[in-house]
Structures are given as C-alpha cells and as structure tokens.
Amino acid sequence: MYAAVSVFEEVKNVVVETLGIQSRAQILSPESPLFGSLPELDSFGVIELGMALETRFGFVMQEDDFTADIFETMGTLADFVEKKSIGSAVSEPA
C-alpha cells in the first residue's frame with residue numbers, strides 16, 4: 001500500500017528538486033525504482049534527499065532510517081515519509 005496521493009506528490013516534488021531530475025518528473029510513479037536506478041541518487045544524493053525531506057516534512061531521520069528498503073521505490077519512500085510525519089505530529093507536545 002502506498003502513501004496518500006498528496007504525500008506522494010509532495011515527496012515526488014522533493015525528489016525531483018533535490019536530484020535535479022525535472023525532465024523525468026512526469027514518469028515517476030509509486031512503482032518507480034530509486035536507489036540503484038537513478039544515477040543522481042548515489043550515497044551523497046541519499047543524504048541530500050534525506051535532509052530535504054526532513055526540512056519539508058518536519059521530522060528527523062535517524063541513522064538506521066537510511067536503508068535500501070526505504071529508498072527502493074518512490075512508493076516506499078512516500079510511505080516512510082507519511083509514517084514519519086504522522087509519528088512526528090503525534091509526539092510533539094501540545
């Protein structure tokens with residue numbers, strides 16, 4: 001199951017802007033492979049993307065969050081962001 005469409009689209013925008021892949025934005029779907037398939041998403045790109053997602057969605061990625069499973073496809077990344085965002089909102093003090 002993939003994240004809500006609005007979360008997916010926001011994650012997609014961050015991926016496109018961070019990696020500079022505007023020319024491929026239209027073909028990115030939840031099933032689109034990421035790590036190992038996009039030359040722009042090397043180890044440095046993963047760190048940059050993680051920081052951009054933290055800034056945009058207001059959560060903190062832990063070291064153990066940087067796994068191949070999370071960066072496998074656009075859908076798995078969007079699911080991760082959605083879960084982290086919900087967890088971040090729940091854990092914030094009122």
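Overview of values
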{"quantity": "Residue match in region 61-73 (condition: surrounded by 18 or more Cβ atoms within 10 Å (Cβ to Cβ) and in a helix (DSSP H, G or I))", "calculated": "no"}
{"quantity": "Residue check, Thr55 among the hydroxyl-bearing types (Ser, Thr, Tyr) and either exposed (fewer than 14 other Cβ atoms within 10 Å of the Cβ) or in a loop (DSSP other than H, G, I, E, B) (or both)", "calculated": "yes"}
{"quantity": "Some residue of region 29-49 being assigned to a loop (DSSP other than H, G, I, E, B), among the small types (Gly, Ala, Ser) and under 21 Å from Ser6 (Cβ atoms)", "calculated": "yes"}
{"quantity": "Criterion: within 24 Å of Ile86 (Cα to Cα), modelled with pLDDT of 95 or more and surrounded by 13 or more Cβ atoms within 10 Å (Cβ to Cβ) - qualifying residue of Val46, Val7, Val15", "calculated": "Val15"}
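The values are calculated or read from the model by the stated rules, or taken from the named source; none is laboratory data. What you are looking at is a predicted structure, and each value in this text was computed from that prediction instead of being measured. FYI the Cβ positions are ideal-geometry reconstructions off the backbone, even for glycines, and counts take in every protein chain you see.
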